[in-house]
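One structure below.
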Amino acid sequence: MSIIQPEWKIEKIEIATLTGERARSAGSNGRIGDHGKSCSVRIARITIDGETGFGSTGLLTESMAEAVVGMRLADLFDQNGKVLEPYRIPLEYPILDWLGRRQNAPVYKLIADSNRVSPLVVPCYDTSLYFDDLHLQNDRDAVALMKEEAAQGMSKGHRNFKIKVGRGGRHMPLWEGTKRDIAIIHGIAEVAGPEGRIMIDANNAYNLNLTKEVLAAAADVNLYWIEEAFHEDDALYADLKAWLRERGQSVHIADGEGLASPHLVNWAKNGLVDVLQYDIIYPGFTHWLELGAQLDQMGLRSAPHCYGNAYGIYALGHIAAAIRNFEFVEYDDITIQGMDASAYRVENGLFHVPDKAGFGLDFDEELFAGQVLANGWSR
């Protein structure tokens with residue numbers, strides 16, 4: 001980045017884990033059991049030229065921090081102004097936050113075209129609809145519970161919802177679980193109304209034929225995408241695509257989180273996948289700047305995954321400014337002690353990104369320092 005001055009050096013790196021809670025405990029999904037209510041984020045505070053920046057960090061070791069402290073900030077970037085690969089996941093977020101704070105500009109203004117509207121407004125969806133109904137014996141009660149959870153999301157400003165499906169993959173008998181999935185999709189669609197977009201996510205708990213059964217049964221729903229229907233397979237994607245096309249059913253195929261196939265981008269280029277979902281923390285922000293530009297050129301859609309990392313929610317709002325075909329911020333209602341996100345808001349299905357320095361988050365310096373001593377380290 002041309003704004004980086006040659007004299008800026010990294011003076012200190014501190015690591016702490018901050019803890020918090022979801023607004024509501026999250027149940028099972030198609031693969032694993034209860035996700036619970038507790039959450040945490042591992043945060044790095046970086047000091048450069050006497051000022052600090054905060055950001056999510058992963059894979060940063062004390063030995064790496066020792067090697068980085070004393071380096072020029074400019075040496076962590078390539079000639080195109082992108083954070084170099086070795087420093088991305090460990091340090092890109094605190095570095096970008098620091099640059100935004102130093103420039104008194106939001107990160108999205110550092111990475112996007114200058115003509116973007118400020119403050120930034122991006123579509124979002126409520127991602128909190130897990131299998132919270134498994135203790136209930138009949139579908140009627142299960143649907144009522146899940147509709148109430150969707151209504152809670154509506155009251156908080158959401159209009160679009162992602163629903164976990166795949167109950168029959170592990171947690172219920174196959175057909176009983178699939179019937180409940182279908183009933184809940186219809187119930188939540190009633191809450192969202194005709195304008196609300198519905199996404200379903202099976203976490204690979206379906207197979208191809210089950211996917212078709214569910215999509216056929218939900219043909220009357222404003223279903224926008226099906227995510228991770230089954231483990232990535234180009235032959236099965238081709239079959240599903242052809243089946244949807246024959247039916248005239250406009251449902252996008254989305255995939256890419258977790259241990260996704262390395263072939264997924266090429267399959268998307270060949271028309272088998274519509275929406276790519278690699279995570280905003282791993283492989284990260286700078287990776288998405290590069291991937292999003294490629295997907296835009298091919299007319300493909302970007303919807304970076306973010307679940308369970310509260311910092312990533314807000315990073316999604318900023319990366320949206322640099323990706324033309326960005327779809328949604330995945331919103332998980334989490335409060336982290338010592339991390340103030342009150343400048344952001346959700347309203348009428350839209351995520352409002354503040355025109356505020358860095359990533360727009362304020363940190364309690366005293367609390368952070370205490371957590372560095374309690375569970376972190378400093379170099």
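The C-beta contact set for segment 254-282 (first residue more than 19 Å from residue 242 (Cβ to Cβ), second residue hydroxyl-bearing (Ser, Thr, Tyr) and in a strand (DSSP E or B), distance under 7 angstrom, 6+ apart or interchain) comprises 276/302; 281/56.
Considering every residue within segment 28-45, establish whether at least one is touching a helix residue (DSSP H, G or I) at 6+ places or on another chain (Cβ under 6 Å) and either free of Cβ contacts under 8 Å to residues at least 60 places away in the same chain or of a type in the set (Phe, Trp, Tyr) (or both). Looking through segment 28-45, at least one residue is touching a helix residue (DSSP H, G or I) at 6+ places or on another chain (Cβ under 6 Å) and either free of Cβ contacts under 8 Å to residues at least 60 places away in the same chain or of a type in the set (Phe, Trp, Tyr) (or both).
What number of residues in segment 24-43 are within 21 Å of residue 136 (Cβ to Cβ), out of contact with any Phe, Trp or Tyr (no Cβ under 7 Å at 6 or more places or on another chain) and not hydroxyl-bearing (Ser, Thr, Tyr)? It would help to see each step written out before you state the result.
From segment 24-43, those within 21 Å of residue 136 (Cβ to Cβ) are 24-37; that's our starting set.
Next, from what is left, pick out any that are out of contact with any Phe, Trp or Tyr (no Cβ under 7 Å at 6 or more places or on another chain): 24-25, 30-34, 36-37.
Remaining after also requiring not hydroxyl-bearing (Ser, Thr, Tyr): 24, 30-34, 36-37.
Qualifying residue count for the region: 8.
Of all the residues in segment 67-81, those that are surrounded by fewer than 17 Cβ atoms within 10 Å (Cβ to Cβ) and either modelled with pLDDT of 95 or more or in contact with a helix residue (DSSP H, G or I) (Cβ under 7 Å, 6 or more places away or on another chain) (or both) number 8.
Scanning segment 167-210 for residues that are touching a residue at least 24 places away in the same chain (Cβ under 8 Å) and of a type in the set (Asp, Glu) yields 181, 190, 195, 201. Residue 89 fulfils the conditions (1) in contact with a His (Cβ under 6 Å, 6 or more places away or on another chain); (2) surrounded by fewer than 23 Cβ atoms within 10 Å (Cβ to Cβ) except for a single criterion, (1).
Beta carbons closer than 9 Å, at least 6 apart along the sequence or on distinct chains, never pair a first residue in segment 141-155 that is free of Cβ contacts under 8 Å to residues at least 60 places away in the same chain and under 13 Å from residue 183 (Cβ atoms) with a second that is among the basic types (Lys, Arg) and surrounded by fewer than 17 Cβ atoms within 10 Å (Cβ to Cβ). The set of residues in segment 187-239 being aliphatic (A, V, I, L, M), closer than 15 Å to residue 126 by Cβ and touching a helix residue (DSSP H, G or I) at 6+ places or on another chain (Cβ under 8 Å) consists of 188, 191, 192, 198, 200. Cβ-Cβ distances below 9 Å connect the following pairs, each with a first residue in segment 354-372 that is within 15 Å of residue 12 (Cβ to Cβ), a second residue that is among the small types (Gly, Ala, Ser) and open to solvent by less than 10 Å² (accessible area, probe 1.4 Å), and a separation of six or more residues or different chains: 368/16; 369/16; 372/16.
Every condition in (1) open to solvent by less than 10 Å² (accessible area, probe 1.4 Å); (2) without any contact (Cβ under 8 Å) to a residue 60 or more places away in the chain; (3) out of contact with any Lys or Arg (no Cβ under 8 Å at 6 or more places or on another chain) is met by residue 59 except one, and the failing one is (1).
Consider segment 330-379 and keep the residues that are in contact with a Cys (Cβ under 9 Å, 6 or more places away or on another chain) and among the acidic types (Asp, Glu). The one that is surrounded by the most Cβ atoms within 10 Å (Cβ to Cβ) is 330. Residue 303 falls short on exactly one of the conditions (1) open to solvent by less than 10 Å² (accessible area, probe 1.4 Å); (2) within 15 Å of residue 211 (Cβ to Cβ), and that condition is (2).
The values are calculated or read from the model by the stated rules, or taken from the named source; none is laboratory data. Just so you know, these numbers come straight off a predicted model, no measurement behind them. FYI the Cβ positions are ideal-geometry reconstructions off the backbone, even for glycines, and counts take in every protein chain you see. Note: areas computed on protein heavy atoms with side chains; ligands, DNA, RNA excluded. Shrake-Rupley method; radii C 1.70, N 1.55, O 1.52, S 1.80 Å.
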